[in-house]
Amino acid sequence: MNTTFNVRPLKKEDCREVARIRFEIQEWGFLPSLGVDFLSELLKGTCESKWGFGIACLDKKEKIAGFVFATTDLKKYYRDILFRRGALMAFFAFLRLLQKPDLIHGIVQYLGYPDKMSHDAIKAEWLTMVVREEYRNKKIGNILTSSLIEEFRKRGVKQFKSTVASKNEISCRIHVRYGFKFMRTFNLHGEEINVYKYII
């Protein structure tokens, strides 16, 4: 048992802070470019949705050191999020587009993401994991990955997929270490993305 860090379900009141962390760490992915307000609404929707969940890893002072998000059904998750938070998300995305019009191409690509993934026939997906820079090299990625797999198991999920930027070597190594099977590579937002699956 790890005595330095604890994990718990992510709460709606965490979402603003988590959105700021994800915005600050723009090492991969498109969504952080849409800003903290957009991310905060997306994360709140995830906490509200029965098809989404988040796990936070906290230090002894209850500061969020890292987090992970996932869904048990990608298409239902996106529909639910859009129903619950779509208007506010669209508003905040529009405000960002006024500042950075070149983001429109990324938004169009992202809207097609669920369809791009649907032919894999695996509904559940590990969406993202972030570890704050000052907490790296402390096994938090391992703690969150183990917690994620256990939460999927509790929810009756038999297998799930995960997409990782090929250049994200740390995350790719974690996937291999935990026995994820490489499935394929595709291009999203100009990046090569690896698709893995995990059988529980």
Is it the case that the stretch 48-59 has a residue that's assigned to a loop (DSSP other than H, G, I, E, B), among the basic types (K, R), closer than 27 Å to Y135 by Cβ and more than 12 Å from the chain's Cα centre (by Cα)?
-> no
Considering only helices (runs of 4 or more DSSP H) fully contained in the stretch 94-176, which possess at least 2 residues that are at pLDDT below 90 and not polar (S, T, N, Q)?
-> 104-111, 113-118
Only one of E13, E62 is more than 26 Å from L103 (Cβ to Cβ), charged (D, E, K, R) and assigned to a helix (DSSP H, G or I); which?
-> E13
List every residue pair whose Cβ atoms lie under 7 Å apart, where the two residues are 6 or more positions apart in sequence or sit on different chains, the first residue falls within the stretch 182-194 and is modelled with pLDDT of 85 or more, and the second residue, located anywhere, is aromatic (F, W, Y).
-> F182/Y196; M183/Y196; I193/F186; N194/F182
Positions within the stretch 48-72 being over 20 Å from K139 (Cβ atoms) and either buried (at least 18 other Cβ atoms within 10 Å of the Cβ) or basic (K, R) (or both), in sequence order | S49, K50, W51, G52, F53, T71, T72
Scanning the stretch 163-200 for residues that are under 15 Å from the mean Cα position of the chain (by Cα) and of a type in the set (S, T, Y) gives T163, S171, Y196
Which of the residues belonging to the stretch 73-105 are exposed (fewer than 14 other Cβ atoms within 10 Å of the Cβ), among the acidic types (D, E) and touching a residue at least 24 places away in the same chain (Cβ under 8 Å)?
-> none
With respect to the numbered conditions (1) over 24 Å from N187 (Cβ atoms); (2) without any contact (Cβ under 8 Å) to a residue 40 or more places away in the chain; (3) of a type in the set (S, T, Y), which one is the sole condition not fulfilled by T4?
-> (2)
Going through (1) surrounded by fewer than 14 Cβ atoms within 10 Å (Cβ to Cβ); (2) touching a Cys at 6+ places or on another chain (Cβ under 9 Å) one by one, L39 fails only at (1)
When residues of the stretch 78-107 are limited to those that are of a type in the set (K, R) and touching an Asp or Glu at 6+ places or on another chain (Cβ under 9 Å), the one farthest from K123 (Cα to Cα) = R96
Within the stretch 131-140, can you find the residues that are surrounded by fewer than 23 Cβ atoms within 10 Å (Cβ to Cβ) and closer than 18 Å to R22 by Cβ?
-> R132, E133, E134, Y135, R136
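The values are calculated or read from the model by the stated rules, or taken from the named source; none is laboratory data. Here the structure is a predicted model, which is why all the values come from computation and not from measurement. Every residue, glycine among them, receives a Cβ derived from its backbone with ideal geometry; neighbour counts consider all protein chains shown.
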